[in-house]
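The values are calculated or read from the model by the stated rules, or taken from the named source; none is laboratory data. What you are looking at is a predicted structure, and each value in this text was computed from that prediction instead of being measured. Backbone-built Cβ (ideal geometry, glycine too); neighbour counts: all protein chains shown. Ligands, DNA and RNA are stripped out before the accessible areas are found, and what is left, the full protein with its side chains, is counted by its heavy atoms. Shrake-Rupley method; radii C 1.70, N 1.55, O 1.52, S 1.80 Å.
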Amino acid sequence: MAGMGEILSALRKQKGVTQEEMGKALGVSMQAVSRWENGGAPDIMLLPALADYFSVSIDELFGREGGAIPAEAAILKRLGGLPQEARMEEAFRLCWAIQRGLSGETKFHGRRDQEALREYMAQGGKHHARVNCDSGLTEFGLGKRQNWCFLSPEPEGGRHAALYDRERHTKLFALLAQPDAYDALFLVLGRDQNPFTAKLLEKALRIPQERATEILDAFVALQLISRSTLELDDTPIQIYNVSYNAAPFIPFLTMAQNVMDIPVTFISASQFRTAPYIRKESKEVAP
């Protein structure tokens, strides 16, 4: 059984922090951390703080089996303990670890792996990682312009039943194929929470009022925006607001960009799929 010093050293490296950073977080010196890792023992009063810092149980610090905190609980504790502005970056890092695990990687090199991820995210070019298997698929995009991840387990019954929606899909794509509607989409998504009228589109896109209203009606139908009526001097005016349901358009546009800009540079790509991409149940009738 490994001693506490070895366990603390392994946990610190897995977390990707230096002895100095660990010491600052726990209110002790770097020398104290070094002593612990070389056979010394931390004060018993520090054990709860150490367990919290590494998201493990106190039993696990002593190398006792069965004392590990479930991964889900550790993630909740880790993210919940961070400031709101730091959670998304940390969540992305954890998702990247999941991606690597799905690819078959089992070793974590601590700070070296974290620095590599930051380098990929900061570079001007785009890097991709993909896992494609019968149980689902993942896709990661890393680069200076945007970083994103997509993970989707294979749905029961196949993706045909989950995705096929000819009427609504073709209506959406037909709408966005119109240049003024496409520009209006970005104009609307760039709005803050202030309400607006059709005049916003008329002025910005230089289109007639009737066309602006037509586009906004289509956006209302998509629940991209909401509409209400304001009575002003006995004249009804249509007021619009960006809806909370506009959020899914961001991953939609991100993946559309990924489809058009075919990935060339892959950090990792694992292909285990033997089934078709769009699998149907045999009883389904082909469109």
Once the whole set of protein chains is in place, how much accessible area is left on residue 171, using a 1.4 Å probe, in Å² to the nearest 10?
130 Å²
Given the convex hull over the Cα atoms of the range 131-185, what projected area results after averaging over all orientations, in nm²?
5.6 nm²
Loop only per DSSP, at most 14 neighbouring Cβ atoms within 10 Å: give me the chymotrypsin sites (Phe, Trp or Tyr not before Pro) in the range 51-119, ordered by residue number.
62
Using Cα atoms only, what is the angle between the long axis of helix 166-176 and the major principal axis of the chain, expressed in degrees (0 to 90) to the nearest 10?
80 degrees
Given (1) 48, 26, 18; (2) 32, 22, 19; (3) 34, 25, 16 as candidate values of semi-axes √(5λ) of the Cα gyration tensor in Å, which corresponds to the one derived from the coordinates?
(1)
Accessible area per residue, Å², the range 150-287 with all protein chains present, probe 1.4 Å:
69 Å²
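Mind checking the range 62-166 for trypsin sites (Lys or Arg not before Pro) that DSSP puts in a loop (not H, G, I, E or B) and that have at most 11 other Cβ atoms within 10 Å?
Numbers: sites: 64, 77, 78, 87, 93, 100, 107, 111, 112, 118, 126, 130, 144, 145, 159, 166; in loops: 64, 107, 126, 144, 145.
Counting only loop positions with at most 11 other Cβ atoms within 10 Å, the trypsin sites (Lys or Arg not before Pro) in the range 62-166 are 107, 145.
Multiply the residue gap between residue 250 and residue 168 by 0.36 nm, knock off their C-alpha separation, and tell me the result in nm, one decimal place.
Gain in length upon complete extension: 27.7 nm.
Let me have the 222 nm mean residue ellipticity of the chain computed from DSSP H runs of 4+ only, each contributing -39500 (n - 2.57), with the sum over all residues rounded to the nearest 500.
Values: 14 runs with 140 residues, N = 287.
The helix-only estimate for the chain comes to -14500 deg cm²/dmol at 222 nm.
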Using a basic spin-label model with each label point 7 Å from the Cα along Cα→Cβ, how many nm lie between residue 217 and residue 31?
7.9 nm
Pulled fully out, how much extra length does the chain show between residue 13 and residue 86, if you take 0.36 nm times their separation in residues and subtract their Cα-Cα distance?
24.2 nm
The answer for the range 64-142, accessible area per residue at 1.4 Å probe in Å², is 61 Å²
With everything on Cα atoms, drop me the angle between helix 71-80 and the longest principal axis of the chain, reported from 0 to 90° to the nearest 10.
70 degrees
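For a protection proxy built on the mean count of beta-carbon atoms within 10 angstrom, sort 269-275, 8-14 highest first, please. Can you show the working numbers first?
Working: 269-275: 12.1, 8-14: 17.9.
Descending packing order for the listed peptides: 8-14, 269-275.
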Gained length - residue 202 relative to residue 106, 0.36 nm times residue gap less alpha-carbon distance:
29.0 nm
Of every hundred units of 1.4 Å-probe accessible area on the range 186-227, the number belonging to carbon and sulfur atoms, as a percent, is 49 percent
DSSP-loop GluC sites (Glu not before Pro) across the range 87-116, with at most 10 other Cβ within 10 angstrom
none
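Per-residue counts of other Cβ atoms within 10 Å, averaged by peptide: what ranking do you get for 245-253, 211-219, highest first? It would help to have the intermediate numbers written out before the result.
Details: 245-253: 13.4, 211-219: 19.3.
The most tightly packed comes first, giving 211-219, 245-253.
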